[in-house]
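I have placed the structure first, in the form of structure tokens, so that the comments after it can refer back to it.
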Amino acid sequence: MINTIIFDLGAVLIDWNPQYLYRKIFNDEQEMQTFLSTICTPDWNEEQDGGRSLKDGTDYLVTKFPDQAENIRAFYGRWEEMLGGAIEETVEIFRQLKDSGKYKIYALTNWSAETFTIAQAKYDFLGWFDGIVVSGTERTRKPFPEFYQILLDRYNVKPEEALFIDDNQRNVTAAEALGINAVHFTSAADLAKELDARNLL
């Protein structure tokens with residue numbers, strides 16, 4: 001029986017996308033895409049999510065690509081401009097689950113500890129969680145099993161009694177390998193259908 005819901009945050013409850021910033025910086029869409037796929041890449045950003053300081057991550061790339069220094073420094077210097085707002089339809093699902101009183105609800109997020117405080121100040125619903133485990137604070141991240149285990153151990157969650165929701169199939173697969181029930185998030189509408197089918201909503 002499911003008594004615990006574990007949400008991912010980015011692209012599930014919070015709309016975060018570097019393109020929101022870099023479309024202001026680059027006039028050419030292809031140049032922007034090339035920059036984000038070869039310089040400020042998702043893999044590079046995940047290193048900061050996993051605990052590397054923003055300064056060290058930025059300095060590493062500036063040394064490697066000095067001609068792109070200004071654009072690289074904008075990534076964290078103007079990070080808040082990458083936030084597109086709450087994904088309200090999913091927040092409403094969260095509200096319904098919370099109001100039901102049936103579940104403990106946690107967040108397990110790949111997020112830099114240095115930027116997470118900005119999100120906490122911006123999104124009131126982050127205060128609804130019974131607990132949040134942030135990769136940058138723990139210095140490990142999804143999909144590494146030890147990151148999931150931190151949440152399970154800290155909040156005494158049994159894997160078979162939890163449902164994990166994430167937009168990245170890699171992270172869903174990792175959760176399932178630990179015995180956690182998991183849903184690959186594609187849209188709020190599909191999530192609502194999945195929760196209904198499981199008699200959770």
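The values are calculated or read from the model by the stated rules, or taken from the named source; none is laboratory data. Since the model is a prediction, treat every value here as computed from it, not as a measurement. Cβ sites come from the backbone with ideal geometry, for glycine too, and all protein chains shown count toward neighbours.
Worth pointing out:
- Checked across segment 27-40, the condition of being crowded, with 21+ Cβ neighbours inside 10 Å and either among the β-branched types (Val, Ile, Thr) or at pLDDT below 95 (or both) holds for no residue.
Listed here are the residues, each with its yes/no results for (1) in contact (Cβ under 8 Å) with a residue 24 or more places away in the chain; (2) assigned to a helix (DSSP H, G or I).
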residue	(1), (2)
Trp111	yes, no
Gln120	no, yes
Lys142	yes, no
Gln149	yes, yes
Asn199	no, no
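- Top-ranked residue of segment 91-121 - restricted to ones that are among the polar types (S, T, N, Q) and touching a Ser or Thr at 6+ places or on another chain (Cβ under 9 Å), ranked as farthest from Phe185 (Cα to Cα): Ser112
- If you go through segment 159-175 and keep only what is without any contact (Cβ under 8 Å) to a residue 24 or more places away in the chain and more than 22 Å from Trp111 (Cβ to Cβ), you end up with Pro159, Glu160.
- Note on segment 4-109: enclosed helices (runs of 4 or more DSSP H) holding 1 or more residues that are more than 21 Å from the chain's Cα centre (by Cα) and without any contact (Cβ under 8 Å) to a residue 12 or more places away in the chain are 18-25, 29-38, 54-64, 69-77, 88-100.
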